[in-house]
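Note sheet for the following structure.
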Amino acid sequence: MKIKNSLIIALIAIAFYAGWSFDQSPAVSEEIPALQVKADRAGYVVAEQIRNQDPHYSPVANQPLQKQVFWGDTHLHSNFSMDAFIFGNTLGPDDAYRFAKGEKVMATKGQPAQLREPLDFLVLADHTDGVGAMIALKAGNEKLLANPTLQAWSEILFAGEEDDARQLDSTQTRSDTPRELEDKDIRGNAWDYLTATADAHYEPGTFTPLIGFEFTAQRGGQNLHRVVIYRDDAETAQSLLPLSPKESSDPRALWDFLQQYEDISGGKVLAIAHNGNISNGLMFPTAELEFGGQMDSDYAERRARWEPVYEVTQIKGDGEAHPLLSPDDRFADYESWDLGDFAGVPKIDQMIPFEYAREALKNGLALDSAYGANPYKFGMIGSTDSHTSLATAAEDNFYGKHSAGMEPQPDRWKDAVGGRGEFTVPGFMMAASGYAAVWATENTREGIWDAIQRKEVYATTGSRMTVRFFGGWDFTQDDLHASNMSDIGYNKGVPMGATLLQSRSDAPVFMLQTAKDPNGANLDRLQVIKGWEDAEGAVHEKVFNVAWSNPELRSMDDSGDVADIPSTVDEAKATYSHKYGAAELTALWQDPEFSAEQKAFYYVRALEVPSPRWTSYDTAQFDVEMAPYVKKTTQDRAYSSPIWYEPAN
């Protein structure tokens, strides 16, 4: 009825302005449009006069749009990814978008699934190698079935047992898969479908599907994957078929492709490096590069150009810090995956410094001094890397890494989520993580992409807490508590992801403001993590506690530490209370050890109070008894993008 009424109104308006007579005399119908135009012009002049008067009543009428926080997942897979299909995923791109928009869908294993709150944006990043090939194989594609290996795959996948299909799990990480899987017609048709489906679900202002893909680069089993995100629509993105790692796994080849795409299409694109904890020491090189050659200014400049943000947390573990690298940080050992790589090659301690974000940020300062460019001047986001088509990161609503055995069921905590060779990764190591939070003026492709490109983003491990972080020299306590704190932050300083250029010799002032997830746990503490380069070129780090809840129960000790908040978690029942913690934490902070001559970065880590981990919810839901070494309590957290400080000389 609403559509019908709107149509009638529109037709009437057209008829009116066209001078159609209806029941009026011709003389009257001719005069009314002219009078209306005259009135419109007069009204416009008056409106312009009023608009140009000062002051204005509306505080936002002549100001730029306010930035808002938008939530999304930049790393999700549907059954168009070869490994997701082999894992048993039956949900396609349309299902992934509908789920992200808040609709209820049926998961592969037949359970209804729905988000508590919809996401604002999504990147469906299906793997480009063999993209759509398994769907074509199931449809009986003659090119594929002509290959005896793929004929055997077809029999295993579509006529065999599920356990037999699991034997194919490792195929995508191998280099000897049949060349027919890279057929350009199949890949082209798949890319056209994926991009067109993204366009079909685009609702500017409400939901933004950003077109993307995952470039599954690796050296042996060492993961060097990148997610590529377009600013563009389907027609533009279809200008060039995405690069497959079967052509080259060198990240420099990907950067060449990105430049080629922009040159051909006139569009814009960027890449996000995959969480590096399965790279076995290759993700953040400082000397020898991943595929040969030595670190130089060209590599540093190109990586900084094309990879502005980093995926610091996801289902395959957290990559902010590691206890081996940060022994004085008692919160560093969070959801650590440090067993080995995809091929089952065990990790050794010498690899770990080149896998974690904090160490890379520190090394970036030294590389900048050596080469005049910082390859690791990145912002931080989280995303799921789920292969179920379901972008779930909440502990109580977690659908796992992949559909075969990792969707909710009693034994998923002990089933293998990955690993081969000398070790197996058990299911309980999955982390219900993470999400990307983006500060943008509008929920559009342009708004979200631009915010990612300028690094005004932060990562969470699944919580939707709000984090603001500004740096400058003139902030005051009144600014921190002002109702327009964010306006002051932008006017007098810079936000997360930006650089503070030295303007004075005294320490800059940072404003921190964090609000809890309305559906999550209270806040425990705010910390500032600092990294800096000294006069000899060595890099260092320090963790500062700057605000915490329940000061009546705890205070900062002589070492700068603050005691843990009491836990209210009942692991058997998967419950907790809001007895402790805070709904909001704020701080105005200056570095007490600041040196104006030293390059540095600062970022915020916000921690919630303890709450049940997904394993606790599984224990209660399925009445299962897990091994005593399985963690059932967690402390969700957020990592802001850094603010870098650069001295004048």
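Please treat every number below as a calculation from the coordinates, not as lab data. Computed from a predicted model, the values in this text were never measured in an experiment. Here the Cβ positions follow ideal geometry from the backbone for every residue, glycine too, while neighbour counts run over all protein chains shown.
Side notes on the structure shown:
- Taking 18 Å as the limit for the C-alpha separation, the pairs 104/516; 316/631; 362/530; 316/401; 101/268 exceed it in the case of 104/516; 101/268.
- At most 14 other Cβ within 10 Å, DSSP loop - trypsin sites (Lys or Arg not before Pro), the range 514-602: 573, 579
- Karplus 3J(HN,Hα) series, Hz, for the range 57-73 with 6.51 cos²θ - 1.76 cosθ + 1.60 (x for Gly, Pro): 6, 6, x, 10, 4, 10, 10, x, 4, 5, 7, 10, 8, 10, 10, x, 10
- Alpha-carbon geometry of the range 170-245: the Rg and the Dmax are 14.4, 45 Å, given in that order.
- Stokes-Einstein D for the range 466-646, Kirkwood Rh over Cα pairs, 37 °C, 0.692 mPa s (µm²/s): 183 µm²/s
- Look at where the Cα atoms of the range 385-419 and of the range 487-503 average out, and the two centres are 40 Å apart.
- Footprinting exposure proxy for 226, 330 (fewest neighbouring C-beta atoms within 10 Å first): 330, 226
- Note on 348, 452: ascending count of other Cβ atoms within 10 Å places them as 348, 452, the fewest first.
- Percent of Cα pairs in the range 68-449 per distance bin of 20 Å, from zero to the largest separation: 30, 62, 9.
- Projected onto their three principal axes, the Cα atoms of the range 446-509 cover extents of 36, 25, 23 Å, largest first.
- Euclidean distance of C-alpha centroids, the range 528-605 and the range 77-139, integer Å: 38 Å
- About its Cα centre, the chain has a charge dipole of approximately 960 debye under the convention of +1 per Lys or Arg Cβ and -1 per Asp or Glu Cβ, with nothing else charged.
- The modelled label-to-label distance for the pair residue 199/residue 287, using points 7 Å beyond Cα in the direction of Cβ, is 5.0 nm.
- Helix-only mean residue ellipticity at 222 nm for the chain, each DSSP H run of n ≥ 4 adding -39500 (n - 2.57), per residue, nearest 500: -8000 deg cm²/dmol
- With kT/(6 pi eta Rh) evaluated at 4 °C and eta = 1.567 mPa s, and Rh the Kirkwood radius from Cα pairs, the range 205-253 diffuses with a coefficient of 106 µm²/s according to Stokes-Einstein.
- Length available on full extension from residue 558 to residue 502: 0.36 nm per residue minus the Cα-Cα distance, which gives 17.1 nm.
- Area projected by the alpha carbon convex hull of the chain, averaged over all directions, nm²: 35.7 nm²
- Per-pair calculated FRET efficiency, R0 = 45 Å: residue 623 and residue 142 via Cβ, rounded to 0.05: 0.35
- Among 387, 481, a tally of other beta-carbon atoms within 10 Å of each Cβ gives an order, fewest to most, of 481, 387.
- For the chain, the relative contact order comes to 12 percent (Cα pairs under 8 Å, sequence separation of at least 6).
- C-alpha center-to-center spacing [the range 280-318, the range 423-439] in angstrom: 21 Å
- Set of the range 60-83 residues, backbone N closer than 15 Å to the point 7 Å along the Cα-Cβ line of residue 441: 60-69
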